[in-house]
Amino acid sequence: QVQLVESGGGLVQAGGSLRLSCTASGRIFSTNVMGWFRQAPGKEREFVAAIRWSGGTTELGDSVKGRFVISRENAKTTVHLQMNSLKPEDTAVYYCAVGSVYADWRRPGNYGYWGQGTQVTVSS
């Protein structure tokens, strides 16, 4: 069983930055990937970024490439999402999740554990 707690959301002006964190309690294995997704009102859940727990291989969603960075702290079982050059369209609830490296990292259905989400609002 894995529990995930996100933090770091808030209100920021366009062009600003925020850093989200997700701390996992429970065992994270080398075959796990930790991902970030977001969901805006009336829209489907969208892949943002993911990182393989072993080795640190990362993948970013097309809409955030060049602006967001995902990283991990193995000792703290914590994953960070550094969000730069934020845009109003980045406004959403951001979720952290744990899934398998052997499945599609971009598909929400691959992830079996989810956090409660943290709100990010970017004002224009």
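The share of accessible area on the chain that comes from carbon and sulfur is 47 percent, using a 1.4 angstrom probe.
May I ask for the Kirkwood hydrodynamic radius of segment 80-124, worked out over all distinct Cα pairs and given in angstroms to one decimal? Don't skip to the end; give the middle numbers.
Numbers: mean 1/r = 0.0822 Å⁻¹.
Kirkwood hydrodynamic radius for segment 80-124: 12.2 Å.
Accessible area per residue for the chain, computed on protein heavy atoms with a 1.4 Å probe, is 50 Å².
Any idea what the relative contact order of the chain is, in percent, if you count C-alpha pairs under 8 Å spaced at least 6 apart? Display every interim value, and only then the final one.
Details: 313 pairs, mean separation 42.9, N = 124.
Taking the mean separation of contacting Cα pairs over the length of the chain, I get 35 percent.
Determine the percent antiparallel among the DSSP beta bridges restricted to the chain, to the nearest 5. Working shown, then result.
Values: 40 of 44 bridges.
Close to 90 percent.
Across all Cα atoms of segment 1-66, the radius of gyration (one decimal) and Dmax (whole number) stand at 13.6, 38 Å. Rounded to the nearest Hz, the phi-derived 3J(HN,Hα) couplings of segment 34-41 under the Karplus curve 6.51 cos²θ - 1.76 cosθ + 1.60 (θ = phi - 60°) are 10, x, 10, 10, 9, 9, 9, x, where x marks glycine and proline.
What is the Rg over Rh value, at two decimals, for the chain, using alpha-carbon atoms and the Kirkwood definition of Rh?
On the way: Rg = 13.4 Å, Rh = 14.2 Å.
Across the chain, the Cα-based Rg/Rh ratio is 0.94.
The residues packed around VAL93, meaning those with a beta-carbon under 15 Å from its beta-carbon, carry a net charge of -2 if Lys and Arg are +1 and Asp and Glu are -1. Amide H contacts of ARG72 (H built 1.01 Å from N, in plane; Pro and chain starts excluded): HIS80 sit under 5 Å, all sequence-distant by 5 or more or on other chains. Put a dot 7 Å past the Cα of PHE29, heading toward its Cβ, do the same for LYS87, and the two dots end up 3.8 nm apart.
Sequence-ordered 3J(HN,Hα) estimates for segment 111-124 from the Karplus curve with 6.51, -1.76 and 1.60 and θ = phi - 60° stand at 9, x, 10, 9, x, 7, x, 9, 7, 10, 10, 10, 8, 8 Hz, glycine and proline given as x. Among the chymotrypsin sites (Phe, Trp or Tyr not before Pro) in segment 1-63, those located in a DSSP loop and surrounded by at most 13 other Cβ atoms within 10 Å of their own Cβ are PHE29.
The values are calculated or read from the model by the stated rules, or taken from the named source; none is laboratory data. What you see is a predicted model, and the numbers here were worked out from it, not measured in a lab. Because the Cβ atoms are built from the backbone with ideal geometry, glycine has one as well, and the counts that use them run over all protein chains shown. Remember, those area values only see protein heavy atoms, side chains included, never the ligands or the DNA or RNA. Shrake-Rupley method; radii C 1.70, N 1.55, O 1.52, S 1.80 Å.
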